[in-house]
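Enquirer: Attaching a single structure in structure tokens format; questions to follow.
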Amino acid sequence: MARTVWDSTVGKKTVMAVSGLIMLLYLVAHMIGNLKIFFGADEFNHYAHWLRTVGEPLMHYEWTLWVIRVVLVVAVVAHAVSAYQLSRRDIRARPSKYVHKKPRASYATRTMRWGGIILGLFIVWHILDLTTGTVHSGGFEAGKPYQNVVDTFSTWYGNAIYIVAMLAVGLHIRHGFWSAAQTLGVGSRTRDRALKAVANVLALLLTAGFLAVPVGVMTGVVS
Amino acid sequence: MKLTLRVWRQKNADAEGAMSTYQVDGISPDMSFLEMLDTLNEELILKGEEPVAFDHDCREGICGACSLVINGDAHGPERTTTCQLHMRSFKDGDTIDIEPWRAAAFPVIKDLVVDRSAFDRIIQAGGYISVPTGSAPDAHATPVPKPDADFAFEHAECIGCGACVAACPNGAAMLFTSAKVNHLNVLPQGAPERETRVLDMVAQMDEEGFGGCTLAGECATACPKGIPLTSITGMNKEWLRATRKAAKK
Ligand code: HEM
Ligand code: SF4
Ligand code: FES
């Protein structure tokens, strides 16, 4: 069955929808967690430490976190690979363009592709910046995420990259959430307006919630 | 009406094509778009030039033979077939671009005529029901609930014109395929082949080199028969159901 799913355009799109929804679920949790930065360094750092001890004593230190990381890596890779393969197929299926151009035709599709590439690059930068500290601007210190975040958003490029990426997330989810509902066969004429509304609200909440942190640092609310 | 036409001319499948410009005069707003092209062709024949090849048959919007992307819109600016589009939708002095359906799976044969036999093969893969031959059964032999009958009818309206493929930025045939899958899968007559139908038709669709769906929605906007975008959602649902059932076996 795995073969049938992966070899079919409809099946590959299902992989994309499921992996996208897994990432979306994670983003909601991540966004809520980030907002704890507004309650001060102690609470934020304590929350980050808690992430490593969730599930104890059943789980060992950091086990739960690693399970989440593995699920996310699988989701990102599955999502990006299917997006790449489907996009290549789509471009090959329409080799000659119309002479009479209508820009709107592929607006959503192009935004999703470019947005996806931006998000992919962002994910790499984001991990190197705040998880491993490899490209961090200040003196990165593991276990001190509050200071690390403040350092990142004290640079103009840290803010710029982050803001662009969060706008991309919003646009991606706006089309993506509704698309996933169609791909998984749960959309319908009666549900269409509700699904679009949920997609818009999710996109708006996530973008606003994520952007609150750099805005907080820039305005000095978080320092 | 006096019009400037820019028409895609291509000698055969292997030749390079290009847009050619023509002037037509004396066009009545009551003419259909195809009658306007007939007028152009008569003039071309009188001048000893090759007439523009385009597909048409019933000219009453039911056969699905006519095509043409007119000013970037499949079947032109109105929601109908090109044969049912009238010149009153244009203004005197307009320039009109006329191009063939564009998709890898629909190669151009000549001028505005494309090969749509990929659709026939998708239908052959599962767009049918198996019935015993003999005299026609009584009309009420197999009861169909009214909402199901309406649903089936809405999807049965597809005339296989291919405008959905032409309009899709990915050259996808999802709307066409889903119209047939939904039409037959909801009916008791279609039940015996419900799973194989959707799996085989989608596989054939992929095999023909059509693209995938990105829910851009251009197909449903272009469809002269108003097949809704949710038709694709319905087919995805049927495909997932059939795949799950096949996995359990
Ligand atoms: C590695 C980076 C990413 C790439 C390359 C990427 C690319 C894409 C592309 C090309 C599509 C298809 C758009 C369409 O059908 O028009 C898509 C859909 C989607 N994406 Fe992403 N994306 C990425 C990251 C994300 C993230 C972080 C999320 C989490 C919220 C996400 C959620 C979704 C969802 C829910 C869909 C809808 C699936 C469907 O069309 O059925 N994506 N993505
Ligand atoms: S779904 Fe609509 S546009 Fe596509 S082939 Fe059928 S009638 Fe034509
Ligand atoms: S010629 Fe038959 S539908 Fe247009």
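Per-residue answers, yes or no, for (1) over 18 Å from A:TYR98 (Cβ atoms); (2) at pLDDT below 95:
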site	(1), (2)
B:ASP14	yes, no
B:GLY17	no, no
B:GLY26	yes, yes
B:LEU37	yes, no
B:LEU44	yes, no
B:VAL52	no, no
B:GLY64	yes, no
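Enquirer: Quick one: would you say B:SER130 is under 15 Å from the mean Cα position of the chain (by Cα), more than 16 Å from ligand 1 (Cβ to nearest atom) and surrounded by fewer than 15 Cβ atoms within 10 Å (Cβ to Cβ)? Before you say what the answer is, go through the steps one by one.
Expert: On the way: under 15 Å from the mean Cα position of the chain (by Cα): no; more than 16 Å from ligand 1 (Cβ to nearest atom): yes; surrounded by fewer than 15 Cβ atoms within 10 Å (Cβ to Cβ): yes.
Against the criterion (under 15 Å from the mean Cα position of the chain (by Cα), more than 16 Å from ligand 1 (Cβ to nearest atom) and surrounded by fewer than 15 Cβ atoms within 10 Å (Cβ to Cβ)), B:SER130 does not qualify.
Enquirer: Does B:ASP25 meet the test of being farther than 20 Å from B:GLN10 by Cα and among the acidic types (Asp, Glu)?
Expert: Working: farther than 20 Å from B:GLN10 by Cα: yes; among the acidic types (Asp, Glu): yes.
Yes; evaluated as a whole, the condition is true for this residue.
Enquirer: Let me ask something additional. Is at least one residue of the stretch B:84-102 within 14 Å of chain A (Cβ to nearest Cβ), out of contact with any His (no Cβ under 7 Å at 6 or more places or on another chain) and within 12 Å of ligand 3 (Cβ to nearest atom)?
Expert: no
Enquirer: Does B:MET201 qualify as being among the aliphatic types (A, V, I, L, M), more than 9 Å from chain A (Cβ to nearest Cβ), farther than 19 Å from A:ALA83 by Cα and more than 15 Å from the chain's Cα centre (by Cα)?
Expert: Numbers: among the aliphatic types (A, V, I, L, M): yes; more than 9 Å from chain A (Cβ to nearest Cβ): yes; farther than 19 Å from A:ALA83 by Cα: yes; more than 15 Å from the chain's Cα centre (by Cα): yes.
Here the answer is yes, as B:MET201 does meet what is asked.
Okay, residues lined up against (1) away from chain B (no Cβ under 14 Å); (2) open to solvent by less than 70 Å² (accessible area, probe 1.4 Å); (3) within 16 Å of ligand 2 (Cβ to nearest atom); (4) under 30 Å from A:GLY220 (Cα atoms):
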residue	(1), (2), (3), (4)
A:ASP7	no, no, no, no
A:THR14	no, yes, no, no
A:GLY20	no, yes, no, no
A:LEU35	yes, yes, no, yes
A:ASP42	yes, no, no, yes
A:TYR47	yes, yes, no, yes
A:TRP50	yes, no, no, yes
A:TRP66	yes, no, no, no
A:ARG69	yes, yes, no, no
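Enquirer: Quick one: how many residues across the stretch A:146-186 are within 15 Å of B:ALA216 (Cα to Cα) and within 13 Å of chain B (Cβ to nearest Cβ)? Spell out how you get there, then give the answer.
Expert: Filtering the stretch A:146-186 down to residues within 15 Å of B:ALA216 (Cα to Cα) leaves A:171-183.
In the following step, the residues that additionally are within 13 Å of chain B (Cβ to nearest Cβ) were identified as A:172, A:174-183.
Residues flagged as within 15 Å of B:ALA216 (Cα to Cα) and within 13 Å of chain B (Cβ to nearest Cβ) within the stretch A:146-186 amount to 11.
Enquirer: While we're here: Would you mind stating whether B:PRO228 is away from ligand 1 (no atom under 16 Å from the Cβ), under 21 Å from the mean Cα position of the chain (by Cα) and of a type outside the set (D, E, K, R)?
Expert: Numbers: away from ligand 1 (no atom under 16 Å from the Cβ): yes; under 21 Å from the mean Cα position of the chain (by Cα): yes; of a type outside the set (D, E, K, R): yes.
So B:PRO228 fits the description; yes.
Enquirer: Sort out which residues of the stretch B:203-240 are of a type in the set (A, V, I, L, M), under 25 Å from B:SER130 (Cβ atoms) and away from ligand 2 (no atom under 15 Å from the Cβ), and write them in order of number.
Expert: B:ALA203, B:LEU240 - these are the residues of the stretch B:203-240 that are of a type in the set (A, V, I, L, M), under 25 Å from B:SER130 (Cβ atoms) and away from ligand 2 (no atom under 15 Å from the Cβ).
Enquirer: To continue, here is another question. Mind checking which residues of the stretch A:201-222 are assigned to a helix (DSSP H, G or I) and β-branched (Val, Ile, Thr)? Break it down into steps so the answer makes sense when it comes.
Expert: Taking the stretch A:201-222 and keeping what is assigned to a helix (DSSP H, G or I), we get A:201-218.
A:VAL201, A:THR207, A:VAL213, A:VAL215, A:VAL217 - these are the residues of the stretch A:201-222 that are assigned to a helix (DSSP H, G or I) and β-branched (Val, Ile, Thr).
Enquirer: For A:ARG94, all conditions in the list (1) within 16 Å of ligand 2 (Cβ to nearest atom); (2) more than 9 Å from every other protein chain (Cβ to nearest Cβ) hold save one; what is the number of the exception?
Expert: (2)
Enquirer: Does B:PHE119 fit the bill of being outside any loop (DSSP other than H, G, I, E, B) and either more than 14 Å from chain A (Cβ to nearest Cβ) or modelled with pLDDT under 95 (or both)? If you could, list the steps in order and put the result at the bottom.
Expert: Values: outside any loop (DSSP other than H, G, I, E, B): yes; either more than 14 Å from chain A (Cβ to nearest Cβ) or modelled with pLDDT under 95 (or both): yes.
Considered against the rule, which asks whether it is outside any loop (DSSP other than H, G, I, E, B) and either more than 14 Å from chain A (Cβ to nearest Cβ) or modelled with pLDDT under 95 (or both), B:PHE119 comes out as yes.
Enquirer: Considering B:ALA220, B:ALA173, B:ALA152, B:ALA166, which residue is open to solvent by less than 40 Å² (accessible area, probe 1.4 Å), more than 16 Å from ligand 3 (Cβ to nearest atom) and touching a strand residue (DSSP E or B) at 6+ places or on another chain (Cβ under 9 Å)?
Expert: Numbers: B:ALA220 fails: touching a strand residue (DSSP E or B) at 6+ places or on another chain (Cβ under 9 Å); B:ALA152 fails: touching a strand residue (DSSP E or B) at 6+ places or on another chain (Cβ under 9 Å); B:ALA166 fails: more than 16 Å from ligand 3 (Cβ to nearest atom).
Exactly one residue qualifies, and that residue is B:ALA173.
Enquirer: In the stretch A:148-200, what residues are open to solvent by less than 60 Å² (accessible area, probe 1.4 Å), over 26 Å from B:LEU229 (Cβ atoms) and not in a helix (DSSP H, G or I)?
Expert: A:PHE153, A:THR155
Enquirer: Can I ask one more? In the stretch B:202-217, how many residues are modelled with pLDDT of 95 or more and buried (at least 24 other Cβ atoms within 10 Å of the Cβ)?
Expert: To start, the set of residues in the stretch B:202-217 that are modelled with pLDDT of 95 or more comprises B:202-213.
Now drop any that are not buried (at least 24 other Cβ atoms within 10 Å of the Cβ), which leaves B:202, B:205, B:210-213.
Of the residues in that region, 6 qualify.
Enquirer: Tell me which of these A:VAL222 doesn't satisfy, since it passes every other one: (1) more than 27 Å from B:PRO169 (Cβ to Cβ); (2) among the hydrophobic types (A, V, I, L, M, F, W, C); (3) open to solvent by 10 Å² or more (accessible area, probe 1.4 Å).
Expert: (3)
The values are calculated or read from the model by the stated rules, or taken from the named source; none is laboratory data. Quantities reported herein were computed from a predicted structural model and do not represent experimental measurements. A quick note on method: Cβ atoms are made from the backbone with ideal geometry, for glycine too, and the neighbour counts reach across all protein chains shown. The area values use the complete protein model at the heavy-atom level, side chains included, leaving out ligands, DNA and RNA. Shrake-Rupley method; radii C 1.70, N 1.55, O 1.52, S 1.80 Å.
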